[in-house]
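The values are calculated or read from the model by the stated rules, or taken from the named source; none is laboratory data. Computed from a predicted structure; not experimentally measured. Here the Cβ positions follow ideal geometry from the backbone for every residue, glycine too, while neighbour counts run over all protein chains shown.
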Amino acid sequence: MTATQFVSDGGLETYLIFNRGFDLPEFAAFPLLDDERGRTALADYYAGYAAIAAAHGVGLQLDTPTWRANPDWGARVGYGAEALAATNRAAVEFLRALAGEWAGRVADVRISGQIGPRGDGYLPGAAIDPDEAAAYHQPQVTAFAAAGADLVSALTLSDVGEAVGVVRAARQAGVPVLVSFTVETDGRLPTGLTLAEAIAATDDAAPPDSFMVNCAHPDHVARGLTVDGPWERVHGLRVNASDLSHDELDAVTELDDGDPDVLATAHARLEDLLPAVTIVGGCCGNDTRHVEAIWRARQASH
């Protein structure tokens, strides 16, 4: 059965650090694939979102734990090119095996190879050259495609040039691609562009299959939406549980996970402005409580 609505997971890294006590140097979760304790924790984490999808009769989009599995960030935790390629392939294979365990309970499961920004997505530097970005991200995209990922998703991007590069890499590899931008508390990308401007510029250069917004509170996203934006292109939301800014979240020593029901209400207001959304999960501070509350509110309103 092919689903039209998909549950995505929540805030993997913040959940593992604050709720499960894992040390994730450089915020990298992919090394957990290398040992049994880590793989068990990942399997338990994803199972919670599979249960939400099953309960609501919708599909499940599983994103690999590879947001940091690119050359720059990988090198910081001791992974070279060959090790990263193997890890990115293994991440897809790991999720494919989990999906097999849920066959018959979840309407549809698709595996997304997750890509993160080359640098710090919240502190953008000079504008990124699209061709350079394509070459940089190509090995990770190629590894996902070779392992049979259903799509690749570039999350927490703040630069149009990098978004265009990821799309070009995905087209070269022959795999569908989703681009997700992040915004600040004013609803604008960290580079200062509006979300509408970023989507239009990316579409003009190399249109992805769809867009998403992640790592921002629903109220922050809503502040940047205009009446006449290209909102039919936004198919996914993975919002933060906290209404703190990115700078404030970086400074916290305890998890700010907000209130799941309050978040669900804010999410519903945002979805009124983004009617094409079909993929819904969470980002920093979220766990299954938040995503379940959002889906419960969504289905109650339809």
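Things worth noting here:
- Pairs with Cβ under 8 Å, 6+ apart, first in the stretch 256-280 and in contact (Cβ under 8 Å) with a residue 24 or more places away in the chain and buried (at least 16 other Cβ atoms within 10 Å of the Cβ), second part of a loop (DSSP other than H, G, I, E, B) and aromatic (Phe, Trp, Tyr): none
- Pairs with Cβ under 8 Å, 6+ apart, first in the stretch 133-147 and under 14 Å from Gly116 (Cβ atoms) and in contact (Cβ under 8 Å) with a residue 12 or more places away in the chain, second assigned to a helix (DSSP H, G or I) and β-branched (Val, Ile, Thr): Ala133/Val164; Ala133/Val166; His137/Val166; Val141/Val166; Phe144/Val92
- Among residues of the stretch 76-133, those that are outside any helix (DSSP H, G or I), within 15 Å of Ala145 (Cβ to Cβ) and touching a Gly at 6+ places or on another chain (Cβ under 9 Å), counted: 2
Here's the yes/no breakdown for (1) without any contact (Cβ under 8 Å) to a residue 12 or more places away in the chain; (2) surrounded by fewer than 23 Cβ atoms within 10 Å (Cβ to Cβ); (3) touching a strand residue (DSSP E or B) at 6+ places or on another chain (Cβ under 8 Å); (4) of a type in the set (D, E, K, R):
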position	(1), (2), (3), (4)
Thr40	yes, yes, no, no
Gly48	no, yes, no, no
Leu62	no, no, yes, no
Trp67	no, no, yes, no
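- Of all residues in the stretch 273-302, those satisfying the criterion of being among the charged types (D, E, K, R) and modelled with pLDDT of 95 or more are Asp287, Arg289, Glu292, Arg296.
- Within the stretch 264-302, the set of residues being under 19 Å from Leu225 (Cβ atoms), of a type outside the set (Gly, Ala, Ser) and under 18 Å from the mean Cα position of the chain (by Cα) comprises His267, Leu270, Glu271, Leu274, Val277, Thr278, Ile279, Val280, Cys283, Ile294.
- Selection within the stretch 1-50 - assigned to a helix (DSSP H, G or I), within 15 Å of the chain's Cα centre (by Cα) and within 16 Å of Ile279 (Cβ to Cβ): Leu12, Tyr46, Tyr49
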